[in-house]
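Below is one structure, written out as structure tokens; the observations come after it.
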Amino acid sequence: MDWYKDISSFFPVAPWLVEKLEEAENNSREAIAAVNAVSDRNHFKVLRAFQKHEVNEYHFQDSTGYGYGDLGRSTLERLFASIFGGNAALVRPQIVSGTHALTLALSALLRPGDTLLSACGRPYDTLATVIGLGPRVAGSLREWGIKYAEVALDTRGRPDLVKIGEAVTSLRPRLCLIQRSRGYSLRPSLGIEEIARIVGTIKEANRESVCLVDNCYGELVEDKEPGEVGADLVVGSLIKNPGGGLAPGGGYIVGREDLVEVVAARLTAPGLGGELGAFTEKRLYYQGLYLAPLVVREALTGAIVAAAFFRDLGFNVDPLPGERRRDIVQCIILEKKEALLAFCQGLQRGSPVEAGTLPEPALLPGYKDEVIMAGGTFIQGSSIELSADGPLRPPYAVFLQGGQAYPYTRIALLMAAQELINRGLLQEKRR
């Protein structure tokens, strides 16, 4: 590729690193082809949904105040319901994050005395705080008398279907939480087939238990969504996959109409539900959703090449380059605190925004360890652009996600690796 000839002239990157990255790309062609095939199917799915719901330019107009009669808002929600496998959807800029969307759903559906069962072990840090695990915070579910139980993962890090069935039979939980992505743990992410088995196990044990899937990082990675395999509610963030890097914020809840309306009443007020809520810049949400399969494809391409590249440099990676992708997250185990810092600070130097900023670890709300976060993104905190972060605890793993355009991801990967070299944490391995 011609660009490899000149890359070291523009960026301070060792030529042997550039050769390693080119090798990683060449060795990843089969895995990338599989991602492209899924992306093609999802492009068709999204296009058909836009045509079915007769999207027009007037749907992009802003609403103000109460937002009554906002046809653009209601059409966007019907689009999300169609694409993500539900009867109804709540898609709003007022939802500030994926954790907020989950908190809305949990708070709306659970009552004092109800039991929340996590089917996939301990939830990720910020959601654990919402539930009331760890340090006490105002407004947690536990503070409102909601019981919590979890089913530990098996020895392979997979959900234990037998124990899930037993827990649902004995506890009769009002709601079962299924977390698709890994959070800051090293357990594998869940694929659609596995989610379908978990939902089937729960429903067989108790038809009344609501199955809620945290779909963050997993949207449009496979050619089906959790709502299409039996999940009652599917929840996520619009500054991840489904926003396509264009949505400036927001979150979504898709699923059964009765449950979505209960969540809408929690977002606004009882009796008002989803009938109001001003919505501006709607074109970005529509266009971001339309481009999302393409952006997810680019992010997955970057994740696959990153896995091959850093594995060849001597690091453990998960998933492996050729493994089936279930979300956009690539974990690279760096083993040393200094290596985690170097990786994130190097990646920041390869970003389009705030390339001169040096990210530093800090204690952030909802996390028990210091976390370093890198990502020169146009939208603050956007995980679908390109970002890398990780908690400062062994094994000092970095979680790489996003990448709107693979050519930019190439540069960021090289800069991250070069920073490891600069600090004496990586040396060329001669053949």
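Observations on the model:
- Within segment 85-135, the set of residues being more than 22 Å from residue 364 (Cβ to Cβ), in contact with a Pro (Cβ under 8 Å, 6 or more places away or on another chain) and assigned to a helix (DSSP H, G or I) is empty.
- Qualifying residues in segment 41-71 (those that are without any contact (Cβ under 8 Å) to a residue 24 or more places away in the chain and of a type outside the set (A, V, I, L, M, F, W, C)) - the one nearest to residue 223 (Cα to Cα): 48
- Only residues that are open to solvent by less than 10 Å² (accessible area, probe 1.4 Å) and at pLDDT below 95 were counted across segment 257-289, and they come to 1.
- Top-ranked residue of segment 155-182 - restricted to ones that are at pLDDT below 95 and surrounded by fewer than 22 Cβ atoms within 10 Å (Cβ to Cβ), ranked as farthest from residue 219 (Cα to Cα): 155
Each row is one residue, and each column tells you yes or no for (1) touching a strand residue (DSSP E or B) at 6+ places or on another chain (Cβ under 8 Å); (2) among the basic types (Lys, Arg); (3) touching a residue at least 40 places away in the same chain (Cβ under 8 Å).
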residue: 180; (1), (2), (3): yes, yes, yes
residue: 202; (1), (2), (3): yes, no, yes
residue: 207; (1), (2), (3): no, yes, no
residue: 213; (1), (2), (3): yes, no, no
residue: 216; (1), (2), (3): yes, no, yes
residue: 228; (1), (2), (3): no, no, yes
residue: 241; (1), (2), (3): no, no, yes
residue: 267; (1), (2), (3): yes, no, yes
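- Output for segment 9-26, where each listed residue is touching a residue at least 60 places away in the same chain (Cβ under 8 Å), out of contact with any Ser or Thr (no Cβ under 8 Å at 6 or more places or on another chain) and either part of a loop (DSSP other than H, G, I, E, B) or surrounded by fewer than 17 Cβ atoms within 10 Å (Cβ to Cβ) (or both): 11, 12, 13, 16, 23
- The residues of segment 232-256 that are closer than 18 Å to residue 199 by Cβ and open to solvent by 10 Å² or more (accessible area, probe 1.4 Å), listed by number, are 232, 256.
- Test: residue 221 is within 19 Å of the chain's Cα centre (by Cα), part of a strand (DSSP E or B), modelled with pLDDT of 95 or more and not aromatic (Phe, Trp, Tyr): no
The values are calculated or read from the model by the stated rules, or taken from the named source; none is laboratory data. From a predicted model like this one, the values you see are computed outputs, not experimental measurements. Quick reminder, even Gly has a Cβ in these numbers, built from the backbone with ideal geometry, and neighbours come from all protein chains shown. Side chains are part of the model used for accessible areas, which takes the heavy atoms of the whole protein and leaves out ligands, DNA and RNA. Shrake-Rupley method; radii C 1.70, N 1.55, O 1.52, S 1.80 Å.
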